[in-house]
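Structure record follows, encoded as structure tokens.
The values are calculated or read from the model by the stated rules, or taken from the named source; none is laboratory data. Keep in mind the model is a prediction, meaning the values are calculated, not measured. No Cβ is skipped: glycine too gets one built from the backbone with ideal geometry, and neighbour counts run over all protein chains shown.
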Amino acid sequence: MSTETIIGVRLFADSELDPLLTDIEAAHRRAVKSAPGERVEIVGYETLCAALEAKAAAALSRDPSARTAAPDAGTSTAGVFVRKGSEVVVALRLPLEPGEPRRTVTGVTAPAPASSVKVRDDIHGRRLVEARFREQLEAAVAEPGKDRSSAMSPSGLHNRVLTEVLRQFVDQQGQQPVAVPVVYRDGSRAEADFPFRCLALVDELQDSARLDLELRLTLLSIRHTEMDPVVDGAWLRNAEVSRPRPAAQTDDFVYHTSVRQLDVLTQRGTLDVRLYIFQTGLETAVVGFFRAVVEFLRRHPGRLEVVPMFYAAHADRSASLASEFAGFEAGQVWATKR
């Protein structure tokens, strides 16, 4: 049986080793400060560490007496070496050393299998996806967080399906409010649960003459550049949202950004504002944004109206919107009475 062992290897600083150690320290500092999901600095750090480990392995092969006790990972410089004067002790991982693997005395019970999904032949396509998502939310709000199936999983859902089903479950429906965990396909979980059954939503817009501000915004910039000349702006910057990172971290970023911007836009709930939001299909942005909208409406009833706008090839022209937006149709408003 083989097992993994970490040992120390003594090296001596010279004109070739010193620059490598300096580069590792600098790369480690940059990697620690890098944004979540940013791999460039981390890969650079790991590449330099691999070069140092290769030198340690070569030294050990030449002189077995160079082997010593492994340095303490908690106090090692950049996590991989300790310098004592001209001597450098490098941590070297040996993956196939003779020995028995160490096992814990307590086991962990495997989670129960997820509930089976009934196959339906009567509906297809988007309607089937919508029905499955609605069933998932019904199970989640009944026992939120009970197990891995008692959570909302919005990954891969059509933009309109996600928005409209969320609105249905946010509506109060005469039941007790409940917050449901949000878990994405990559296994990441959003920092804040999504609140359901917590608002008495209305279907009609208030008189525009009573509004302090009305804006038409894309949810994300750059996604549909042909709309840039005809909208008032973008709610979120695509460069900040569309980064390689766990999906839940994008959700969290959109949520916190939206909370701040809604407070600024409404002067902390003292102005009446209507937003037409031309949405894209990024589910993390949709979930994060509407979580912020729900929480704002709970704190400031009647101060905000959000009208989701969906692209539709055969959408009718609406008298309430400029002709530039004829390719879009409005969904149900997210708003409450004051």
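Considering the stretch 186-202, and only residues there that are charged (D, E, K, R) and part of a loop (DSSP other than H, G, I, E, B), the residue that is farthest from the chain's Cα centre (by Cα) turns out to be 197. Per the listing 178, 170, the residue uniquely at pLDDT 85 or above, within 17 Å of residue 294 (Cβ to Cβ) and surrounded by 21 or more Cβ atoms within 10 Å (Cβ to Cβ) is 170. Pairs linking a residue in the stretch 248-272 that is on the phi > 0 side of the Ramachandran plot to a residue that is part of a helix (DSSP H, G or I), with Cβ atoms under 9 Å and 6 or more positions apart or on different chains, are 269/262; 269/263; 269/296; 269/299.
Filtered by the rule that a residue be within 22 Å of residue 70 (Cβ to Cβ), surrounded by 15 or more Cβ atoms within 10 Å (Cβ to Cβ) and under 30 Å from the mean Cα position of the chain (by Cα), the stretch 26-56 gives 27, 28, 31, 45, 48, 49.
A search for C-beta distances below 6 Å between a residue of the stretch 154-173 that is in contact (Cβ under 8 Å) with a residue 24 or more places away in the chain and any residue that is among the basic types (Lys, Arg) and surrounded by fewer than 16 Cβ atoms within 10 Å (Cβ to Cβ), counting only pairs 6+ apart in sequence or on different chains, returns 155/185; 158/126; 165/134. Restricting attention to the stretch 57-85, the residues that are exposed (fewer than 11 other Cβ atoms within 10 Å of the Cβ) and under 20 Å from residue 23 (Cα atoms) total 5. The numbered conditions (1) crowded, with 17+ Cβ neighbours inside 10 Å; (2) not in a strand (DSSP E or B) are all true for residue 270 except (1). When the residues of the stretch 208-243 are filtered to those that are among the polar types (S, T, N, Q) and in a loop (DSSP other than H, G, I, E, B), which remaining residue is surrounded by the most Cβ atoms within 10 Å (Cβ to Cβ)? By that ranking, first place goes to 221. The sole residue among 92, 20 that is in contact with a strand residue (DSSP E or B) (Cβ under 8 Å, 6 or more places away or on another chain), more than 30 Å from residue 241 (Cα to Cα) and either loosely packed, with under 14 Cβ neighbours inside 10 Å or modelled with pLDDT of 85 or more (or both) is 92. Of all residues in the stretch 185-226, those satisfying the criterion of being out of contact with any strand residue (DSSP E or B) (no Cβ under 9 Å at 6 or more places or on another chain) and within 22 Å of residue 310 (Cβ to Cβ) are 203, 204, 225, 226. Within the stretch 223-271, restricting attention to residues that are modelled with pLDDT of 90 or more and of a type in the set (Ser, Thr, Tyr), which residue is nearest to residue 189 (Cα to Cα)? The selected residue is 250.
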